[in-house]
Amino acid sequence: MKAWLIVMKKELVNTFRDTKSLAFSILIPLLLFPIMFYFIGFAMNSSQSQVENQFTIAIQGNANSPLAQSVIASLKAKVVDGDIKENVSSGKALVGIVIPDDFDSIIAQGKTANLQIYYDDSSMNSMSAQAALSQAINDYSKNIVSDRLTAQGLDPSIISPITTQVLSAAKESNSGGMGKWLMGIMVPLLLVLYAATSPITSATDMAAGEKERGTLEPLLTTKASRMSLLWGKYFTIIIISVATVIASLVGIFISFRMNGSFLNMASNGSVGFSMPIGNILLIGLFSLATTMTFGAIELSLSIYARSYKEAQTYLTPASLIAMVPALATYMLDAKSLSTSLFFVPIVNISCIIKELVNGLVNMQHIGITLGFCVVYVLAAILWARHMFNDEKVLFRS
């Protein structure tokens, strides 16, 4: 017991003595997400502001029709002269509309006029402008229908026999629905990815790095058993990895509270988003299990490697083992997850975290995932133990 604690202390001191490693492990995940989501929010605000305040439109045909004047007034648009397709494709105009020359007479005769709208499907601003223009035309069309019905002595409400009132079914009045949805997408993905990738640097240095520096052999000659050395290195990796995961989570929650952040915008600035403490603890438990599994696997691969460079070659693709399943569950709805998904390695971790973030506690899913986590951790540790006790692996050349 004392031996592996001494080894762990030694590895922690070596790790945190390097300020670059400390910054990479803690500060970067802590600051990355608030900065990233702030600039995403800034870009979205700028795009929305440009569409609302600098709406440019190209009009071809009957530019003096009441429709054209209504659209220009409602959207506060500036008309751009010239070829409509050229203006839209070059970005001089956000959107363009072709109005038939006989538009007014067609409408006066009670017939249907055909309009053409041009937009650039590679431009987010143009797509937003197209939606705004379509809505303005739709509103104008409703007014025409209302006038026609009134002229016939009919009540305009006859064409709207049903009205709807959309209400939230959430038990809490301020449930932070959009924020919860975004967290359900991002937290599982980020936690699984960080759990898989955060042990890489430490695992590479503590095994392959020791070999390359020539310090592994002297360490094996001490009174500490090989298992003590293994446990000391392994738990150091876990501590550093858990700190990285926590730092990334804190960064995400800061993003939700930070003015101007994309997440704050998406949740309408709601501070009502919360999770029961039990769900938070379960998320921490499954994240820890994932970290323990990948930490042991990556330490084993690092032990097998002859050099630091070779270890990086092995460990970088290993992170893809977590990335692919995590991305596969990225857009799944937490409330409609199939039980079969919880029998798939890594996918079950991502799915159970997604459920817990959304406030769902399914004991069957938790039990299945927890059982697999125990199997993962034990298998990974036993493999690491085998690799550390194999002379051919430790001293292979």
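The values are calculated or read from the model by the stated rules, or taken from the named source; none is laboratory data. These numbers come from a predicted model, not from an experiment. Because the Cβ atoms are built from the backbone with ideal geometry, glycine has one as well, and the counts that use them run over all protein chains shown. Heavy atoms of the whole protein, side chains included, go into the accessibility calculation; ligands, DNA and RNA do not. Shrake-Rupley method; radii C 1.70, N 1.55, O 1.52, S 1.80 Å.
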Positions within the stretch 285-310 being hydrophobic (A, V, I, L, M, F, W, C) and either open to solvent by less than 30 Å² (accessible area, probe 1.4 Å) or modelled with pLDDT of 90 or more (or both), in sequence order
Phe286, Ala289, Phe294, Ala296, Leu299, Ile303, Ala305
Quickly run through the stretch 189-237 and pick out the residues that are among the aromatic types (Phe, Trp, Tyr) and within 15 Å of Arg385 (Cβ to Cβ).
Trp231, Tyr234, Phe235
Output the residue which, of all residues in the stretch 7-30 that are within 16 Å of Glu210 (Cβ to Cβ) and of a type in the set (Val, Ile, Thr), is most open to solvent (accessible area, probe 1.4 Å).
Val13
List the residue pairs whose Cβ atoms are under 9 Å apart, where the first residue sits in the stretch 187-209 and is on the phi > 0 side of the Ramachandran plot, the second is surrounded by fewer than 24 Cβ atoms within 10 Å (Cβ to Cβ) and not in a helix (DSSP H, G or I), and the two are 6 or more positions apart or on different chains.
none
Looking only at the stretch 361-387, which residues are assigned to a helix (DSSP H, G or I), open to solvent by 70 Å² or more (accessible area, probe 1.4 Å) and farther than 16 Å from Phe343 by Cα?
Leu378, Leu382, Trp383, Arg385, His386
State yes or no: is Ala43 over 22 Å from Tyr194 (Cα atoms) and touching a Ser or Thr at 6+ places or on another chain (Cβ under 8 Å)?
no
Among the numbered criteria (1) touching a helix residue (DSSP H, G or I) at 6+ places or on another chain (Cβ under 7 Å); (2) closer than 30 Å to Ala43 by Cα; (3) surrounded by 14 or more Cβ atoms within 10 Å (Cβ to Cβ), which single criterion is violated by Asp121?
(3)
Spot the failing condition for Lys354; the list is (1) in a helix (DSSP H, G or I); (2) within 30 Å of Ala208 (Cα to Cα), and only one is missed.
(2)
Across the stretch 190-229, the tally of residues that are within 22 Å of Ala3 (Cβ to Cβ), among the small types (Gly, Ala, Ser) and at pLDDT 80 or above stands at 7
Can you tell me which residue in the stretch 335-354 is nearest to Ile277 (Cα to Cα), limited to those that are open to solvent by less than 10 Å² (accessible area, probe 1.4 Å) and touching a residue at least 40 places away in the same chain (Cβ under 8 Å)?
Ile353
Within the stretch 311-332, can one find any residue that is within 23 Å of Trp181 (Cα to Cα), open to solvent by less than 70 Å² (accessible area, probe 1.4 Å), of a type outside the set (A, V, I, L, M, F, W, C) and free of Cβ contacts under 8 Å to residues at least 60 places away in the same chain?
no
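Identify all residues within the stretch 388-397 that are open to solvent by 70 Å² or more (accessible area, probe 1.4 Å) and not acidic (Asp, Glu); write none if there are none.
Initially, the stretch 388-397 is screened for residues open to solvent by 70 Å² or more (accessible area, probe 1.4 Å), giving 389, 391-392, 395, 397.
Across the stretch 388-397, the qualifying residues are Asn389, Lys392, Phe395, Ser397.
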Could you check the stretch 277-328 for helices (runs of 4 or more DSSP H) lying wholly inside it with 3 or more residues that are closer than 22 Å to Leu249 by Cβ?
277-304, 320-328
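Being in contact with a strand residue (DSSP E or B) (Cβ under 8 Å, 6 or more places away or on another chain), touching a residue at least 24 places away in the same chain (Cβ under 8 Å) and open to solvent by 30 Å² or more (accessible area, probe 1.4 Å) narrows it down to one of Gly110, Gly82, so name that one. Please lay out each step first, then the result.
Numbers: Gly110 fails: in contact with a strand residue (DSSP E or B) (Cβ under 8 Å, 6 or more places away or on another chain).
Result: Gly82 is the single residue among Gly110, Gly82 that is in contact with a strand residue (DSSP E or B) (Cβ under 8 Å, 6 or more places away or on another chain), touching a residue at least 24 places away in the same chain (Cβ under 8 Å) and open to solvent by 30 Å² or more (accessible area, probe 1.4 Å).
If you take just the helices (runs of 4 or more DSSP H) that sit entirely in the stretch 1-94, which of them hold at least 2 residues that are of a type in the set (A, V, I, L, M)?
Values: elements: 2-17, 19-22, 28-53, 66-75, 84-90.
So the answer is 2-17, 28-53, 66-75, 84-90.
Restricting to the stretch 31-68, what's the tally of residues that are within 25 Å of the chain's Cα centre (by Cα) and open to solvent by 70 Å² or more (accessible area, probe 1.4 Å)? Steps first, answer last, please.
Step one: of the stretch 31-68, the residues within 25 Å of the chain's Cα centre (by Cα) are 31-49.
Then drop every residue that is not open to solvent by 70 Å² or more (accessible area, probe 1.4 Å), which leaves 31-32, 35-36, 38-39, 42, 44-45, 48.
Total satisfying the criteria: 10.
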